[in-house]
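To start, the structure itself, in structure tokens.
The values are calculated or read from the model by the stated rules, or taken from the named source; none is laboratory data. All of these numbers come straight from a predicted model, not from anything done at the bench. Neighbour counts run over all protein chains shown; Cβ positions are idealised from the backbone, glycine included.
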Amino acid sequence: MIHFELLRDRGILVVTPTGPLEQADFELLAREVDPYIAAHGRLAGLMIYAKSFPGWESFGALVSHLRFVGGHHRRIARVAAVTDSGFLTIVPKVVAHFVSAEVRHFDFDAKDRALAWLETGH
């Protein structure tokens, strides 16, 4: 399950996994984000804010996640992985090979610094 907030004035989507990711999570994300992207061309940033990674509820959820990333990564300028999770700390290194967004890791307690980077690149 995912909780998310679209900071429309900043063009930043903050995603907080609260349990195993479900297929419906990515459908809901797309319904919220796609109209914003259609109106503004892109998101300035995506923040994945998770103390730990909860995994996926099913294989279908993993496939939905991959489809969401594949359909949206060219429309997101920066991705901040804000986490202390061992799994998610390596994600920026791996994901950088597959997405066009600039991806960085931040420690879980550095949410404000990650937001500033998403907004300004600093």
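Mind listing just one residue for me: the one in the stretch 10-32 that is of a type in the set (D, E, K, R) and out of contact with any helix residue (DSSP H, G or I) (no Cβ under 8 Å at 6 or more places or on another chain) and, of those, farthest from Tyr49 (Cα to Cα)? It would help to see each step written out before you state the result.
From the stretch 10-32, those of a type in the set (D, E, K, R) are 10, 22, 25, 27, 31-32; that's our starting set.
Filter once more, so that each one left must be out of contact with any helix residue (DSSP H, G or I) (no Cβ under 8 Å at 6 or more places or on another chain): 31-32.
Values: Arg31: 20, Glu32: 18 Å.
Selected residue: Arg31.
For the stretch 55-66, check the following and say yes or no: at least one residue is closer than 24 Å to Glu102 by Cβ and out of contact with any Phe, Trp or Tyr (no Cβ under 8 Å at 6 or more places or on another chain).
Taking the stretch 55-66 as the starting set, the residues that turn out to be closer than 24 Å to Glu102 by Cβ are 65-66.
Adding the requirement that they be out of contact with any Phe, Trp or Tyr (no Cβ under 8 Å at 6 or more places or on another chain) leaves 66.
So far as the stretch 55-66 goes, yes, one or more of its residues are closer than 24 Å to Glu102 by Cβ and out of contact with any Phe, Trp or Tyr (no Cβ under 8 Å at 6 or more places or on another chain).
Taken together, the residues in the stretch 31-64 that are of a type in the set (A, V, I, L, M), modelled with pLDDT of 90 or more and part of a helix (DSSP H, G or I) amount to 4.
Run down Arg78, Arg113, Arg67, Arg104 and say which single residue is among the basic types (Lys, Arg), within 21 Å of Asp9 (Cα to Cα) and modelled with pLDDT under 90. I'd like the intermediate steps shown before the answer.
Details: Arg113 fails: modelled with pLDDT under 90; Arg67 fails: within 21 Å of Asp9 (Cα to Cα); Arg104 fails: within 21 Å of Asp9 (Cα to Cα).
Step by step, each of Arg78, Arg113, Arg67, Arg104 is checked, and only Arg78 is among the basic types (Lys, Arg), within 21 Å of Asp9 (Cα to Cα) and modelled with pLDDT under 90.
The listed residues are Ala39, Ala44, Ala30, Ala24, and the only one of them that is more than 15 Å from the chain's Cα centre (by Cα) and surrounded by 12 or more Cβ atoms within 10 Å (Cβ to Cβ) turns out to be Ala24.
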